[in-house]
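> Once you've had a glance at the structure underneath, I'll fire off some questions.
The values are calculated or read from the model by the stated rules, or taken from the named source; none is laboratory data. Since we're looking at a predicted model, the values are computed, not measured. Glycine also receives a Cβ, built like all others from the backbone with ideal geometry; neighbour counts cover every protein chain displayed.
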Amino acid sequence: MRSKHLIIAGMAVFIAAITSCRKIETVLPPKIEMEKTEFTVKPNRNLLIEPTVENAGTNTVYSWTLNGKVVGTEKNITFKEKNLGTYFLTLKVVNEDGTAQKEVKVNVTELELPIIGMEGGNDIILETGEKHVFKPEIANKEGLKLSWIMNNKEVSKADEYTFASNEEGIFFVNLKAENEDGEDEYLIKILVVKDAPLIISFTYPEQSASLGRTIRLIPSMPSTKNVTFQWFVNGVEDKTQTTDKFVYKPAALGKTEVKVVARKDEKKGETSIIVNTVNPEQYFRPFSANSSPYSTSVFEFLAAPGQFVNERYTAYTMEEANKYAEERLKPGNQYVSLGAFGGYIVVGFDHSIKNTGTWDFAIYGNSFSGSSEPGIVWVMQDENGNGLPDDNWYELKGSETGKPETIQDYEVTYYRPSTPKSNVLWTDNLGQKGEVDWLSFHQQDYYYPNWVKENTYMLRGTCLASRTEDLSGQGTYWVNKEFDWGYADNFSPIDRLTDDTNYNASANANHFKISNAITHDGKDIHLKYIDFIKVQTGLNVKAGWLGENSTEVFRFMDIQVK
């Protein structure tokens, strides 16, 4: 028995010794680690994604999938995509003892090219010896390099450039701005003369005013910064008014000359306008058997830059733009987009619309719940009877009139981009700047109106406080909330006169009262009738990937004779 026990014990020791000398291989399931799982990349740029995989043996299998399709079989992957959007890649790792999976989010965002704008535009007049400091407004400054070029020679790399010449002539300065996404150029023409006046003018040489009414005269200038003003009525200075806006109430019938003198440093410019004072409301045009309840003429269509501007239509003059808009407004549910803030359209009727004290006319937009792009409504009476909208505009008050967040006389200047498929830079009279984004789903080269010949243009109007929100918090679900009443293309609970949800975003009307007309200082004015209507985009905001808020109008209608 003892010998048997010794044999068994010896065998146990031998087995233990063999076991201790052998390496036991244990296979564990894979584990994927990443410093981050969300990336941002520009179109057509390579993005290398390098995960760390623990417990990866020689037989480990890797698989990257995108939309259910295998796009890679290595641990690392290089992602490249030309289209904007959000993409979800899934990495699956398999070994003998298990599987691991990790999702990666890639946002392909727009290229952030530099965009150059210049206050006063790119056509400058200076006097001999006068210094002028060019201070460009440039969007997307990260990693920016500047180069100022004159006579094919770089003269500066600074943010600003000071030009002066003791010789008369025409000079050209080219500014180049470059970052990793691309470049922009801005060519400036400088005319140097012995005496350079300030440029100031009125839109019309003559303006009518009804006796007993107050009007406001505003001349046009490239910039009013650091400019002083003097106003004269028939040669007599009115020292109580020294801004670029002149308030005038004629005392008698007839024609009066109003002159403005502008000064900046040693420069001077002046212009005059004739105010023709007439008896009020003497040109009423009644509705006849041949009249139409709808607007019959478009006198002016000046869009702000926007995603629908220049899309599927060609207009290189104001006349062509007006003709396009006039055709679109004929009954048939085709809209005219006014673009970003300040874009406007002016329409006329073949008769006067009477002030009934209740709902007088309707403007059709395409608002629905969560999609309101309010347009400010203005009305005009043909005071001089010439059939043209060259008289005085009166804003129709709405629910936001008089609120501290509503901005009167808000001005936005837009700058023509120098390259196609680029954002449009804007600056305002509050010192702010921004861009109207070029969007991949509206592919026309330029959102800046083709019929605007100038490289910059300014639009002035009333701006409402935005009610645009991203409800998702991720930039995916944007809503443009409605305002109570008084605006075109607005899902109003009051002036739509219906509870219909307009689920299909078809043409639906907001209704307006002429009795809501107010003067420039917010006072009520009684107009027995009107002849012209203007609608102007009333927000300066963009809703992420949806783009800028832009008022759309389908038609204008006198509802008293429908």
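> Need the failing condition index for N516 against (1) within 29 Å of A315 (Cβ to Cβ); (2) in contact (Cβ under 8 Å) with a residue 12 or more places away in the chain; (3) not small (G, A, S), just the number.
Exception for N516: condition (1).
Matching residues to (1) in a strand (DSSP E or B); (2) under 26 Å from H511 (Cβ atoms); (3) among the small types (G, A, S):
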position	(1), (2), (3)
P250	no, no, no
E257	yes, no, no
A262	yes, no, yes
K268	yes, no, no
Y283	no, yes, no
N290	no, yes, no
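> Hey, among the residues in the stretch 87-114 that are among the β-branched types (V, I, T) and at pLDDT 90 or above, which one's farthest from G475 (Cα to Cα)?
From the stretch 87-114, those among the β-branched types (V, I, T) are 90, 93-94, 99, 104, 106, 108-109; that's our starting set.
Okay, now just the ones that are also at pLDDT 90 or above, so 90, 93-94, 99, 104, 106.
Details: T90: 22, V93: 31, V94: 35, T99: 33, V104: 18, V106: 14 Å.
Filtering first and then ranking leaves V94.
> Continuing with this model, one more query. Considering the stretch 532-545 alone, what residues qualify as being within 18 Å of F284 (Cβ to Cβ) and surrounded by fewer than 24 Cβ atoms within 10 Å (Cβ to Cβ)?
If the condition is that a residue be within 18 Å of F284 (Cβ to Cβ) and surrounded by fewer than 24 Cβ atoms within 10 Å (Cβ to Cβ), then no residue fits.
> Of the numbered conditions (1) surrounded by fewer than 20 Cβ atoms within 10 Å (Cβ to Cβ); (2) touching a Leu at 6+ places or on another chain (Cβ under 6 Å), F368 satisfies every one except a single condition; which is it?
(2)
> Return the residues of the stretch 171-189 that are without any contact (Cβ under 8 Å) to a residue 40 or more places away in the chain and charged (D, E, K, R); say none if nothing qualifies. Even if it seems obvious, please write down each step before you answer.
Filtering the stretch 171-189 down to residues without any contact (Cβ under 8 Å) to a residue 40 or more places away in the chain leaves 171-174, 176, 180.
Hits for the stretch 171-189 are K176, E180.
> Confirm whether S506 is small (G, A, S) and either in contact with a helix residue (DSSP H, G or I) (Cβ under 9 Å, 6 or more places away or on another chain) or farther than 24 Å from K403 by Cβ (or both).
yes
> Continuing with the same structure: Among T224, T228, T256, T240, which is the only one that is free of Cβ contacts under 8 Å to residues at least 12 places away in the same chain and of a type outside the set (F, W, Y)?
Every option except T240 fails the conditions.
> Could you tell me whether the stretch 334-345 includes any residue that is at pLDDT below 95, outside any strand (DSSP E or B), surrounded by fewer than 22 Cβ atoms within 10 Å (Cβ to Cβ) and of a type outside the set (D, E)? Let's see the steps before the verdict.
Filtering the stretch 334-345 down to residues at pLDDT below 95 leaves 334.
Next cut, outside any strand (DSSP E or B) only: 334.
When the remaining residues are screened for being surrounded by fewer than 22 Cβ atoms within 10 Å (Cβ to Cβ), the result is 334.
Retained after the next criterion (residues that are of a type outside the set (D, E)): 334.
Looking for residues that are at pLDDT below 95, outside any strand (DSSP E or B), surrounded by fewer than 22 Cβ atoms within 10 Å (Cβ to Cβ) and of a type outside the set (D, E), one finds at least one in the stretch 334-345, hence yes.
> So which residues in the stretch 68-89 are part of a strand (DSSP E or B) and buried (at least 16 other Cβ atoms within 10 Å of the Cβ)?
Residues satisfying the conditions are G72, I77, F79, Y87, L89.
> Something else now. Taking the criterion of being in a strand (DSSP E or B), under 30 Å from K82 (Cα atoms) and in contact with a Gly (Cβ under 9 Å, 6 or more places away or on another chain), would at least one residue in the stretch 184-195 satisfy it?
yes
> Here are the criteria: (1) in contact with a strand residue (DSSP E or B) (Cβ under 8 Å, 6 or more places away or on another chain); (2) in contact (Cβ under 8 Å) with a residue 40 or more places away in the chain. Tell me which single one E482 does not satisfy.
(1)
> Determine whether T65 is over 30 Å from W438 (Cβ atoms), surrounded by 12 or more Cβ atoms within 10 Å (Cβ to Cβ) and either modelled with pLDDT under 95 or under 50 Å from the mean Cα position of the chain (by Cα) (or both).
Yes: the conditions hold for T65.
> Of the conditions (1) surrounded by fewer than 17 Cβ atoms within 10 Å (Cβ to Cβ); (2) modelled with pLDDT of 95 or more, G375 fails just one. Which one is it?
(1)
> Sticking with this one: Please specify each residue of the stretch 109-123 satisfying the condition of being in contact with a Lys or Arg (Cβ under 7 Å, 6 or more places away or on another chain) and in a strand (DSSP E or B).
D123
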